[in-house]
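Presented below is the structure to which this report refers.
The values are calculated or read from the model by the stated rules, or taken from the named source; none is laboratory data. Owing to the predicted nature of the structure, the values given are computational and were not obtained by experimental measurement. Cβ placement follows ideal geometry from the backbone for every residue including glycine, while neighbour counts extend to all protein chains displayed. Please note that ligands, DNA and RNA were not included when accessible areas were found on the heavy atoms of the full protein model with its side chains. Shrake-Rupley method; radii C 1.70, N 1.55, O 1.52, S 1.80 Å.
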Amino acid sequence: MRGGYTGACPPPEDGAPAFTATFTVGRVPVEVGYRWVTGSGESSDPGWKTLDFAAGQEKSKRVNHTETTYKEDGTHHDEIRVEVRSPVEATSGPVPFSVTCEEETPTGGASSSAGGSADARTLRRRR
């Protein structure tokens, strides 16, 4: 698990907050319907997914998720959890995370200034 990121945005996959959920079922075969949900409702991967446990397979599987939601300027504090809708309804406990965007200093140490303005409250989602 990686619960935070500070650096240039959007955060890279190998640096962004990352989470693992372990799903354990009582019997196979079965399909588990789940999704990753953030407290703010903004997720980089909000859709429902299906995890297939085929006959003869192990009854436990791990699923990884990288959360790349961020604010253009500043820090985005949030939490993430897993919701299961089938074969039973369940929700994991929330896990906090943060993403802090910092402007990169150009090569040579000089600073730069870009024109225009950005609304720091706007969340961006990487697709």
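Can you tell me which residue in the range 59-87 is surrounded by the fewest Cβ atoms within 10 Å (Cβ to Cβ), limited to those that are over 17 Å from the mean Cα position of the chain (by Cα) and at pLDDT 95 or above?
Per the stated criteria, the residue is Ser60.
Take the residues in the range 28-51 that are assigned to a loop (DSSP other than H, G, I, E, B) and either among the small types (Gly, Ala, Ser) or in contact with a Pro (Cβ under 9 Å, 6 or more places away or on another chain) (or both); name whichever of them is least open to solvent (accessible area, probe 1.4 Å).
Ser43
Residues to consider are Pro17, Pro94, Pro12; find the one that is touching a residue at least 12 places away in the same chain (Cβ under 8 Å), within 17 Å of Met1 (Cα to Cα) and open to solvent by less than 60 Å² (accessible area, probe 1.4 Å).
Pro17
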